[in-house]
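Comments concern the structure below.
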Amino acid sequence: MEDKTHKAHNKKKGGKKEAKAENKFTNSKKSSNPRAFTFQSAGRAEKTARRNNDNDQKKLHVPMVDRTPIESPPVVIAVVGPPNSGKSTLIRSLVKRYTKHNLAEIKGPITVVSGKKRRLTFMECANDMNSMIDVAKIADLVLLTIDASFGFEMETFEFLNILQSHGFPKVMGVLTHLDKFRNNKALRLTKKKLKHRFWTEIYEGAKLFYLSGIINGKYPNMEIQNLSRFISVMKFRPLLWRNTHPYVVADRVEDLTDPELIHRKPNCDRTVTLYGYLRGTNLKPNMRVHIPGAGDHVLADVSVLPDPCPLPDKERKRLDEKYKLIYAPMSDVGGVMYDKDAVYINVPGHFTKKSAYAPAEEQNGQEQENEEEEELPYGQGEKMVMDLQDASDTFADQLADSELRIFSNSAPVRAGDITEQVQDDDEDDEKISISESVEQDDQGRTRRRAVFGDADPEFDEDDEDDEDEDEMMESGEESDADVPQRGTALSKFDTRNIRKKGEKEDKEDAEAEDIQFADSDSEFGLSDDEEMINVDGRLRRQTDSDDDEDEDLAGELRWKADLKQKATSLFHNHRRVNLMSLIYNKPELSPEDIASGNYNEKEESDESENEEEEEFFKLKYENNDKAVEIIDSSRQQPDVDNLEVWEDEDTLDSIRNRFITGETGEDGDEKLEGEEEEVFGDFEDLEDEDANGSSKQAEEEEKEQDPVEAERERIAKRKEQLKKKFNEEFEDEDEGPKMDFYETKKAEIEKQLIMNRAEFENDDSNTRALVEGYRPGSYVRLLIKEMPAEFIQNFDPTYPVLVGGLLTSEDQFGLVQVRIKRHRWHRKILKTNDPLIFSMGWRRFQSIPIYSLDDGTRNRMLKYTPEHMHCLATFYGPVHIPNTGFCAVQSVADNKTSSFRICATGVVVDIAQASEIVKKLKLTGTPYKVFKNTAFIKDMFTSSLEVAKFEGASIRTVSGIRGQVKKALPKPEGHFRATFEDRILMSDIVFLRAWYPIKPRKFYNPVTSLLLSTKSDWKGMRLTGQVRREQDLRAPQNVDSVYKPIERKERRFNTLKVPKSLQSELPFAAKPKQAKPQSKPTYLAKRAVVMEPEEKKIYTLMQQLNTLRNEKSRKRKIKDTERREVNEKKKAKVEEKTAEMDKERRKDYFRKESKREIAMSKSSKFSKKK
């Protein structure tokens, strides 16, 4: 079946179908209607076009500078979720997928190489408010683990709100514990419900992964593979705060404090080094940083280290096994674990190099090694231990073998000889001492030898043998001195000093062999100007004549002539001049030398001086800042004597035409042109002869032309230049594609970024670090001094350590005004002067805000935050630029509260050193003397000084009569005279409406959670209510604030009296219509009514009928009431019987259901046992 070949498909060339297919296009083209596919309605087409444009504009965002370096730092992936939601299992599965490494424990950042150009750093976020806030500030991608069997928890929504305040990164959801669902329908409905709720919080279409179950402690491979592929190809947009600040996520912490100092003073400040990848922007040396949870610090030193988890060295099609690296110092990966004060190397099994075996072991295991060479999987710790086995000598032996050569041709001085000589001198001076040497004789008996100080216990026959061997070696060297060691047919070179392959080159031994016991050139009869050169294997003196006879050398040696000068010239010609290093690093050079290019001559002269001194060592003294005063040549220092020249009017007139206010006439222009020609002269291109010739011809033609024609040509050229300049500024370029505003801004940002990179491209690393700082993407070591001892003593790697760089303005403190809104899920409203914990920028701190509302003229203080709207808040704290987001909580302690912990969010509005918040104040008083429009007021002020402060203030009565404070009265203290629009009454209350300024309290308490043994137990200033509740105190009551019942006397107003003269003149409609009460009784009131007999009979009959009707209705109501009571009793009996029957029915039903469930559980257990 495998060898069977398949026939190739032959395309049909004829038939009905082929003809139909050929004619299909032509027929449709003939019958096509051009109006059939156009829009039918212009309004609908306009709506469609508008909708498409709106959708295009929604996709756009504010262009930002992408400061991601070429070799970007690892992407920070934070795994966040409530407890027991599968965070650790997810990290282990992803690390296993990327590196095939099983993690025993997860502590601190874990960096892996995920691809050819990408690395990932996994971090597990603890269920702690401090950790959630810190992780939200540094995460590039968030994996939200959600327990599908339980649903969303409050921690998830709290973390999402924190993300919204500090810049929203990429978020992906991961549903876990799906294996707990036994019903597929319930699983499908749960997935759908959680997905739509997740989309509501993130955005429509957010990615949500489903992890079905756990196999061998990890999630299924295919599901993890899909998740890892999404992570590997994901693109990240730079966030505003991280794009303007440098920061380091520490993956390793070490304590460098002197152990003796710690022993004497355990709680002393420590010197700590933090290691990690630099992210964000460039980090400047000596920059001020903030560690959330540990406070502000200054970087004492910054150094770049080799990348511990590098990318593959070159472009590869696939990632090999050896490039799948993992770097997790705190998680005990690779056999190396970095603790707070030590490094532990765990070497499991037997890791010993072959060179470290004994000879017998090498012979026994040689056959097995030849048959099969097994490579052990060495980790980082195993490699470090096995590298220690390569050391042939100890450090003391290497120091003893070290040499020092003062002159180039002198004999070396060995450290061992000096120490032996010093020891011999010391032994001669010391008294004879006795020591003990334990030995074992032939019979196996242990004997203790007494060794005296003047005796040499190591001297034995072996030393004599060694001396004989040394003599033989010396004689052998002398006999073989004339025999070349390698090569026999060499004509021009003597190769007896050429080392063999595999031997180490020992330059000192070679010199000691040729030149014995020579301390200087004078012992050979050489002068200072003479040198020894090796020609044809013989040493000869080099004189001045040798320089002239370079041409007489053999062809093989001519290339050696003036080799040093050639190399020097080539180096200086191809080297780029670094003006910054010349100006700042070499103060001995003057600006004139740098401008003229004489700095190389000084370097060469210094080199020649060093050569003439025969490489003699010089002491290098550090530069004393006080002794050497470096002048900033970029600023010209004016001389006072030279400034006196400009007091002369003639001197000022000589440069007056150089300014706009000078003469602009023809004489002035001619004078300027003449001066410019004198100063600058004519520029000529000396290299281009044709151009020079053409320019000369043009000048001759201009001379021959008419001056009027020459002037016209000059004006035309000028107009052409102006037109070209105008077109460049205001017209679109026809050459390139037309770009809109958004694309133009992006192109400008990209162009500026390329210019910035090209500016420092050829500079060395030190210069770049001084000017632009250390670039992101590098692995740095940060040295911080005066760190609190609790940071090291209570260090926990499960909590992130973030080092955030502070800008110059963020190091200052002042009053910060923010726009704040209480979170709609927070149960309680916020009260003024209640402390809040703010997370703003890198910092977490506690402060006391004052809430206010701007009514257009002033900021009025609010006692509480308003419902469902923003207000202003002012507090004392570190200054941040406007539009910086923040969130606020009332407590970061793990108090197991069931309410939503994020109490408020907002942004920074303004930064001010002073606040203008006012509080309404009402002062009341009562009049005690009332005149026509004037009254004397009391009980409003207590002194005449207060009255003087409020002179001219507007006052008002309760009835609405306006007035003004005039002047204080002399005798009753605090009384004053006031004028009103109308006469007021003695019963009126006068009040003055004033505004009292409120100043926020200067309270700043940083959250130092990393200094505690239990990180979630940090407690700041407590609320007043909490203090009273804990101490069982009641709120104090002010007597004046207690509400009292108001007793108001009934007022009686006099009737309105209109004079009769005025009433007569008024029209009838305006005349008062009030009738006067009769003083005498009227006729109707006085008369008596006597009924006639017929009327009396009718009145009596009507009364009798009404009496009968009322009696019948009374009896009817009594019977109805009795009948109603009997019916209600019957209904109550029926309802009681029905309730009893329902109760018995329920009991029977639940009894049967419980028996059925017990039977099912027993049957399932029996089936499992089988």
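The residues neighbouring Asp910, those whose beta-carbon lies less than 14 Å from its own, together hold a net charge of -1 under the Lys/Arg +1, Asp/Glu -1 convention.
Assuming a ≥ b ≥ c are the square roots of the Cα gyration tensor eigenvalues, decide whether the range 978-1070 counts as rounded (a/c under 1.5), prolate (otherwise, with a/b larger than b/c) or oblate. Verdict is prolate for the range 978-1070. Distance between the pseudo-spin-label points of Leu178 and His61 (7 Å out from Cα toward the beta carbon): 2.8 nm.
Shown for the range 919-999: the carbon plus sulfur share of the solvent-accessible area, taken with all protein chains present and a 1.4 angstrom probe, equals 53%. Between Ala186 and Ile754, the modelled label-to-label distance comes to 6.2 nm, taking each label 7 Å out from Cα in the direction of the beta carbon. Under the combined filter of DSSP loop state and at most 15 neighbouring Cβ atoms within 10 Å, the range 83-160 retains these GluC sites (Glu not before Pro): Glu105, Glu153. Loop-resident chymotrypsin sites (Phe, Trp or Tyr not before Pro) (DSSP state other than H, G, I, E or B) in the range 1047-1142 with no more than 10 further Cβ atoms inside 10 Å of their Cβ: Phe1053.
What does the charge count around Asn833 come to, taking other residues whose C-beta lies under 11 Å from its C-beta (Lys +1, Arg +1, Asp -1, Glu -1)? Taking every Cβ under 11 Å from that of Asn833, the sum is +2.
Pull up all non-local amide H partners of Ile998: gap of 5 or more, or a different chain, and H-to-H distance under 5 Å with H placed in the peptide plane. Distant-sequence amide H within range of Ile998: Ile917, Val918, Lys919.
Pairs of Lys residues in the range 919-999, spaced 8 or more positions apart or belonging to different chains, with C-alpha separations under 23 angstrom: 27 in total. If I take R0 = 60 Å and measure r between the Cβ atoms of Ile1118 and Ile215 in this structure, what FRET efficiency does the formula 1/(1 + (r/R0)^6) give, to the nearest 0.05? The calculated FRET efficiency here is 0.10. Rg then Dmax, both in Å and based on the Cα atoms of the range 855-935: 21.1, 70.
If you sort the three axes of the alpha carbon gyration tensor as a ≥ b ≥ c, you get a/c of 1.5 or more for the range 919-999 and a/b no higher than b/c, which makes it oblate.
Sparse packing (at most 13 other Cβ atoms within 10 Å of the Cβ) combined with a DSSP loop state is found for the following GluC sites (Glu not before Pro) in the range 739-799: Glu761.
Enumerate the amide H contacts of Ala904 below 5 Å, restricted to partners 5 or more residues apart or on another chain; note that Pro and chain-start residues carry no placed amide H. Amide H neighbours of Ala904: His823, Ala888. If you average the sequence gap of Cα pairs under 8 Å that are 6 or more apart and divide by the length of the range 919-999, what percent do you get for the contact order? Contact order relative to length: 42 percent.
Taking all Cα pairs closer than 8 Å and separated by 6 or more residues, the relative contact order of the range 818-956 comes to 25 percent. In terms of its C-alpha gyration tensor, the range 60-132 has an oblate overall shape, because the principal axis ratio a/c (a ≥ b ≥ c, square roots of the eigenvalues) is not below 1.5 and a/b does not outweigh b/c.
The values are calculated or read from the model by the stated rules, or taken from the named source; none is laboratory data. Quick caveat: nothing in here was measured; it's all calculated off a predicted structure. No Cβ is skipped: glycine too gets one built from the backbone with ideal geometry, and neighbour counts run over all protein chains shown. Accessible surface is based on the protein model in full, side chains and every heavy atom, while ligands, DNA and RNA are left aside. Shrake-Rupley method; radii C 1.70, N 1.55, O 1.52, S 1.80 Å.
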